[in-house]
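Take a look at this one; I'll ask things after.
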Amino acid sequence: MPAGPRKRIGRQLLGGIIGVVVLGLVGVAGGWAISPYLPGSAVVPSVSAAPPSPAAATGQPSATPSATSSGNTHPTSGPSVYSDQSVLAANPLYAVRTTPLECAGLKLPIPSGKALEPWAKKAVSCLHQHYEPIVEEAGFELTVPTITFFADSIDTPCGEGSGAFYCGANEGIYVERGVYDTDARDRLNTIRMLLHEFSHHVQQRVGILDAGVGAEREDYPVVSRRIELQVSCWTGMQLRDSTWLKWTDDDEAWLKEISSSSSDKLHGSARSRRYWYDQSVGESTFGACNTWAVDASKVD
Ligand SMILES: [Zn+2]
């Protein structure tokens, strides 16, 4: 296919993928399938979502905000989200220090079944309170993302998805029912999933998602890995810096295990995941997770 049309199609796909990939898809052998956490296995917090079809990516006129960057709500302050490297590799957020994650009003362990849904909504509210001063210190405004539970799969402005994901076009977190609500380890995985998806929302509000997806200097899987590995790194920092969760050595061993023993094209190799896990240990500034300033070999 000629370079021109291929490139154009690529851009359309990128726009459509923004939510879905950013969501935290898990590409598994044999295609796209749900991969909930299982003891001893290694998965990312989000489970899979179907990659958007070209039709979904290009969008029909009736489709709501297109999943391209123009459909997103941009921060009203801070640097231009289109200045690319200044947003990606030198984002003002990187100078901000994390603060301990406290959701004292949220009871643990996480409830299961239907009770999980109101709990998760409160958790999103808590994460907003936690992140708001951080994002504002960086010069941006943090909105409250919506959270929607669904069965099997759901249509969004970013395409159809399943599992857990974030859609930048409407700033929505989506969670499939029945995936994150079973045993004690799932408790941590649920919190990790919510932190992961909320961190994509933070990326959205500071301009990283738009700038990353709009960047044409790299192929999409590389951009996806920079986005996902950054979120995983931030999530690790937030999890262990929490007296609310009473983070233990066992929890850390679990995080290390799942951060270094699985691999997929959109989230990174086991080696890259381990690298960014290591980067997050003992760190307290968001810049420790600057996946945009490193060689592609560190996000392979
Ligand atoms: Zn993700």
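Coordinate-derived values only; no laboratory data. For clarity, every value in this text was computed on a predicted model and none was experimentally measured. Every residue, glycine among them, receives a Cβ derived from its backbone with ideal geometry; neighbour counts consider all protein chains shown.
Under 11 Å from the Cβ of V135, count the other residues' Cβ atoms, weight Lys and Arg +1, Asp and Glu -1, and hand me the total.
On the way: positive: R205; negative: E132, E136, E137, E141.
Spelling it out: positives minus negatives among the neighbours equals -3.
Restricting to Cα pairs below 8 Å that are 6+ residues apart, what does the relative contact order work out to for segment 232-300? Please round to a whole percent. Could you put the intermediate results ahead of the total?
Numbers: 55 pairs, mean separation 25.2, N = 69.
Result for segment 232-300 is 37 percent.
Okay, next question. Each label point is 7 Å from the Cα along the Cα-to-Cβ direction; what then is the distance between the points at T146 and S261, in nm?
It is 3.9 nm.
Fewest first, what order do H200, H267, H128 take by the number of other Cβ atoms within 10 Å?
On the way: H200 30, H267 25, H128 16.
The most exposed by this proxy come first: H128, H267, H200.
Counting other C-beta atoms within 10 Å, and keeping those with at most 15, which DSSP coil trypsin sites (Lys or Arg not before Pro) do you find in segment 245-300? Could you put the intermediate results ahead of the total?
On the way: sites: K246, K256, K265, R271, R273, R274, K298; in loops: K246, K265.
Those satisfying the criteria are K246, K265.
Over the alpha-carbon set of segment 218-300, divide Rg by the Kirkwood Rh and report the Rg/Rh ratio to two decimals. Before the final figure, lay out each step's value.
Numbers: Rg = 12.5 Å, Rh = 12.8 Å.
Rg divided by Rh gives 0.98.
Do any of K122/K265; K121/K298; K122/K246; K121/K246; K122/K256 go past 30 Å between their Cα atoms, and which?
Details: K122/K265 33 Å; K121/K298 35 Å; K122/K246 19 Å; K121/K246 21 Å; K122/K256 27 Å.
Over 30 Å apart, Cα to Cα: K122/K265; K121/K298.
On to the next question. Return V202, V124, V294, V144 ranked ascending by Cβ neighbour count within 10 Å, so the fewest neighbours appear first.
On the way: V202 24, V124 19, V294 16, V144 13.
Lowest count first: V144, V294, V124, V202.
Going by how many other Cβ atoms sit within 10 Å of their own, how do S112, S259 line up, fewest first? Let's see the in-between values first.
Working: S112 16, S259 23.
Ordered from fewest to most neighbouring Cβ atoms within 10 Å, S112, S259 come out as S112, S259.
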